[in-house]
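This report concerns only the one structure given below.
The values are calculated or read from the model by the stated rules, or taken from the named source; none is laboratory data. Values in this document were obtained by computation on a predicted structure and should not be read as measured data. Virtual Cβ from ideal backbone geometry, glycine too; neighbours counted across all protein chains shown. These accessible areas exclude ligands, DNA and RNA; they are computed on the full protein's heavy atoms, side chains included. Shrake-Rupley method; radii C 1.70, N 1.55, O 1.52, S 1.80 Å.
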Amino acid sequence: QAQLRESGGGLVQVGGSLRLSCTDSGRPVSGYAMAWFRQSPGKGRERIAAMSYNGAYVYYADSVKGRFTISKDNAKNTLYLQMNSLKPEDTAVYYCASDPDSGDSSKPETYRSWGQGTQVIVSS
C-alpha cells in the first residue's frame with residue numbers, strides 16, 4: 001500500500017520558485033502512474049500534472065504549462081513538481097496521488113492513494 005508524503009511547500013513571492021517532493025514509503029514509484037493535484041479554498045481539487053508509470057506520458061493543465069515540471073527519481077522513490085514563475089493564483093494545498101484505477105484520471109476519485117498535502121502560498 002502506498003504511503004505518500006509531500007514536502008517542500010511554503011511561502012514564496014510572486015515570480016519565485018519552489019520544488020515539491022512526494023515520497024512513497026510503501027511502494028516503488030516506478031510501478032504506478034502518479035499526479036499532482038491542488039485545491040484552493042472554496043474550490044475542488046484540480047489535477048495540474050501527471051506522469052505515467054514509466055514517464056512516457058506527461059500531462060500539464062493549461063494553467064501551469066510552461067511553468068511547472070513533473071519528474072520522478074526512481075532511485076529516491078520520489079515524485080517532484082518544480083514550480084517556477086509562481087503567481088498568486090497558484091496559492092493552494094498541493095497533493096500527490098498515485099495508482100489511478102480505470103476511470104477518468106483527471107478526477108480525484110480515480111486515485112487510490114493520497115498524501116496529506118503541502119501548503120503553497122504565493123504573496124504579492
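Exposed loop sites here mean chymotrypsin sites (Phe, Trp or Tyr not before Pro) with a DSSP loop assignment and at most 16 other beta-carbon atoms within 10 Å; the chain contains its longest site-free run at 58-124. Per residue, the chain exposes 50 Å² of solvent-accessible protein surface, assessed with a 1.4 angstrom probe and all protein chains in place.
Each of Ile121, Ile48 has its accessible area taken with a 1.4 Å probe; listed largest first, they run Ile121, Ile48.
Highest mean first, the peptides 23-31, 99-107 sorted by other C-beta atoms within 10 Å per residue fall in the order 23-31, 99-107. Apolar share of the accessible surface for the chain: 46 percent from carbon plus sulfur atoms, 1.4 Å probe.
Where the centroid of each part is defined by its Cα atoms, how far is region 93-124 from region 24-65 in Å? Here the answer is 6 Å between Cα centres. Extension gain, Asn84-Arg27: 0.36 nm per intervening residue step, less the Cα-Cα distance, totals 17.6 nm. Taken over the C-alpha atoms, region 43-113 has Rg and Dmax values of 12.4, 35 angstrom. Given axes a ≥ b ≥ c from the Cα gyration tensor, I'd like to know whether the chain is rounded (a/c under 1.5), prolate (a/b larger than b/c) or oblate. Prolate shape, in that a/c is at least 1.5 and a/b is the bigger ratio. Inter-label distance, Gln3 to Gln116: 1.2 nm, where each label sits 7 Å from its Cα along the C-beta direction. A cut-off of 5 Å between modelled amide H atoms, ignoring neighbours fewer than 5 places along the same chain, links Leu86 with Gly15, Gly16.
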